[in-house]
1. Out of everything in the range 97-110 that is more than 10 Å from G135 (Cβ to Cβ) and of a type in the set (A, V, I, L, M), what residue ends up being most open to solvent (accessible area, probe 1.4 Å)?
2. Can you name the residue in the range 98-122 that is among the acidic types (D, E) and part of a loop (DSSP other than H, G, I, E, B) and, of all such residues, is farthest from L79 (Cα to Cα)?
3. Name the residues in the range 78-96 that are open to solvent by 40 Å² or more (accessible area, probe 1.4 Å) and charged (D, E, K, R), would you?
4. Output the residue which, of all residues in the range 62-77 that are open to solvent by 30 Å² or more (accessible area, probe 1.4 Å) and at pLDDT 95 or above, is nearest to I138 (Cα to Cα).
5. Looking only at the range 1-27, which residues are under 17 Å from E50 (Cβ atoms) and surrounded by 17 or more Cβ atoms within 10 Å (Cβ to Cβ)?
6. Is it the case that T119 is touching a Ser or Thr at 6+ places or on another chain (Cβ under 6 Å) and either more than 29 Å from E185 (Cβ to Cβ) or open to solvent by 60 Å² or more (accessible area, probe 1.4 Å) (or both)?
7. Take F30 and decide whether it is closer than 22 Å to S123 by Cα, part of a strand (DSSP E or B) and open to solvent by 30 Å² or more (accessible area, probe 1.4 Å).
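The values are calculated or read from the model by the stated rules, or taken from the named source; none is laboratory data. Values in this document were obtained by computation on a predicted structure and should not be read as measured data. Cβ placement follows ideal geometry from the backbone for every residue including glycine, while neighbour counts extend to all protein chains displayed. Only protein heavy atoms, including side chains, enter the accessible area calculation; ligands, DNA and RNA are left aside. Shrake-Rupley method; radii C 1.70, N 1.55, O 1.52, S 1.80 Å.
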Amino acid sequence: MALDIEAIYKENHALLEGHFLLSSGNHSRFYLQSAKVLENPKIAETLANELAKQILDYGLEIECVCSPALGGILAGYELARALGVRFIFTERVEKKMTLRRGFEVAQNEKVLICEDIITTGGSAMESAECIKNVGGIIVGFAGLANRGICKRSIDKNTFSMQNSKNACKLTQSLPLFALADFDFELYDEKSCPLCKDSIAYKPGSR
């Protein structure tokens, strides 16, 4: 039986309602606080195993999982553990995503980029570019949840993002794996109706 991801987020007080400033710069009435879910190791393991099953059923060959710090680290580590591959992460140095701490990528090593939440995919793409610049090959993207800007179309075990909104920054020729899609409405800062009554709060990691 498939996991009810929305219920899991609600049970762990991780589906928040208010006025939020997202890492993408957009505003939203809802926010998925994955850290509240992942603070429970058993739940983190369950979610990662379910995501790994989706990826393995697809047949994707992966040698390494990489996540952008900070939000993607726990999700990426657990996913790498479930897949039986190594894990690395990128982090921003002077606003540029960088591979540090002695992490290395072999030439043509097959790397999956994992986030906790995929919104526009901007941070994931920054990590992807970093990995490509040192010789790795990006084979796909994954997240515990997808906010719906990057549309996932699954047909006969083929994952496509062809119908994504213009704001989607992910490479749309590659597969995107997620446990659930949340199509929350996003607002540009200049036209956000929530700003009339409150100031946007930024609960994320950046």
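1. Taking the range 97-110 and keeping what is more than 10 Å from G135 (Cβ to Cβ), we get 97-103, 110.
Pick out the ones that are also of a type in the set (A, V, I, L, M) and you get 97, 99.
Working: M97: 14, L99: 36 Å².
The selected residue is L99.
2. It comes out as E104.
3. The answer is R81, R86, R92, E94, K95, K96.
4. Top of the filtered list is E63.
5. Step one: filter the range 1-27 for residues under 17 Å from E50 (Cβ atoms), giving 1-9, 11-12, 14.
Within the range 1-27, I5, I8, Y9, N12, A14 qualify.
6. Values: touching a Ser or Thr at 6+ places or on another chain (Cβ under 6 Å): yes; either more than 29 Å from E185 (Cβ to Cβ) or open to solvent by 60 Å² or more (accessible area, probe 1.4 Å) (or both): no.
So T119 does not fit the description; no.
7. Numbers: closer than 22 Å to S123 by Cα: yes; part of a strand (DSSP E or B): yes; open to solvent by 30 Å² or more (accessible area, probe 1.4 Å): yes.
It is true that F30 is closer than 22 Å to S123 by Cα, part of a strand (DSSP E or B) and open to solvent by 30 Å² or more (accessible area, probe 1.4 Å).
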